[in-house]
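Colleague: Before I ask anything, let me first share the structure, which is written out below as structure tokens.
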Amino acid sequence: MEFQKVIESRRSVRKYDPAKKVDEATIKEIIDAAILAPSWKNSQSARYYVIRSEETLAKFKQTCLPPFNANNSADAPVLIITAFVKNASGFDPSGEPTNELGNGWGSYDLGLNNSILILKAKDMGLDTLVMGIRDADKIREMLSVSEDEIIVSVIALGYGTQEPNMPKRKAAEEIVKYF
Ligand SMILES: Cc1cc2nc3c(=O)[nH]c(=O)nc-3n(C[C@H](O)[C@H](O)[C@H](O)COP(=O)(O)O)c2cc1C
């Protein structure tokens, strides 16, 4: 797909085809693209936890998501939990934060990775939903995520059965100042 079309046609999709599974090679291709994102001094602190088994998907949705997000991702055959290693991106080798943003840089880097992830998925004919409302403590416990990592979003992945309209965007004039 033409790049501009990928950007414009990607939507947050909240209904998926339960019959259309996503194979491991497809998931790997999507994550391989995300890995190409830039990161602070190439620190590459993004981490992914992929859930595909039906049993674990059901347990995760029930335990780690509030009901409305469990519903929004009900038929999604894949959930990708995204996290980053803390005190890496944005930190000096001495372990001190390089500036006031601290672990904000890890979050920034992960966002760059995840932007590529959701656009790559769209380019391959899949849809996604980024979910920020989730229970990080329960995710940590269920997936044994190390305390060294900060859990950020849960991304549903699958073949959508809806084509939502694009929620209105601000115009460039509203958000840009030129000097
Ligand atoms: C960081 C982040 C967190 C979000 N959290 C949720 C969420 O918990 N549940 C949900 O249904 N949508 C969530 N969304 C989706 C947004 O509502 C959506 O991206 C926005 O309304 C724009 O729509 P679009 O993605 O179709 O362009 C989230 C998106 C982002 C980037």
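What follows is calculated from the coordinates using simple rules that are stated; it is not laboratory data. Note that the coordinates shown come from a computational prediction; the quantities given were computed from them, not determined experimentally. We place every Cβ from the backbone using ideal geometry, glycine too, and count neighbours over all the protein chains shown.
Colleague: Condition first: surrounded by fewer than 16 Cβ atoms within 10 Å (Cβ to Cβ) and either of a type in the set (Val, Ile, Thr) or in contact with an Asp or Glu (Cβ under 9 Å, 6 or more places away or on another chain) (or both). Now tell me which residues in segment 29-49 satisfy that.
Modeller: Hits for segment 29-49 are 35, 38.
Colleague: Here's a follow-up. Could you please give the count of residues in segment 124-179 that are hydrophobic (A, V, I, L, M, F, W, C) and either part of a loop (DSSP other than H, G, I, E, B) or over 29 Å from residue 103 (Cα atoms) (or both)?
Modeller: So the answer is 8.
The rows are residues; the columns are (1) within 25 Å of residue 165 (Cβ to Cβ); (2) touching a helix residue (DSSP H, G or I) at 6+ places or on another chain (Cβ under 6 Å); (3) touching a residue at least 24 places away in the same chain (Cβ under 8 Å); (4) acidic (Asp, Glu).
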position: 10; (1), (2), (3), (4): yes, yes, yes, no
position: 20; (1), (2), (3), (4): yes, no, yes, no
position: 43; (1), (2), (3), (4): no, no, yes, no
position: 58; (1), (2), (3), (4): no, no, no, no
position: 61; (1), (2), (3), (4): no, yes, no, no
position: 64; (1), (2), (3), (4): no, yes, yes, no
position: 83; (1), (2), (3), (4): no, no, yes, no
position: 92; (1), (2), (3), (4): no, no, no, yes
position: 112; (1), (2), (3), (4): no, no, yes, no
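Colleague: Tell me, please, whether a residue that is within 16 Å of the ligand (Cβ to nearest atom), at negative phi and either surrounded by 17 or more Cβ atoms within 10 Å (Cβ to Cβ) or among the acidic types (Asp, Glu) (or both) can be found in segment 85-102.
Modeller: No, segment 85-102 contains no residue that is within 16 Å of the ligand (Cβ to nearest atom), at negative phi and either surrounded by 17 or more Cβ atoms within 10 Å (Cβ to Cβ) or among the acidic types (Asp, Glu) (or both).
Colleague: With the requirement that a residue be more than 9 Å from the ligand (Cβ to nearest atom), among the β-branched types (Val, Ile, Thr) and more than 11 Å from residue 13 (Cα to Cα), what does segment 152-179 give you?
Modeller: Of everything in segment 152-179, those that are more than 9 Å from the ligand (Cβ to nearest atom), among the β-branched types (Val, Ile, Thr) and more than 11 Å from residue 13 (Cα to Cα) turn out to be 175, 176.
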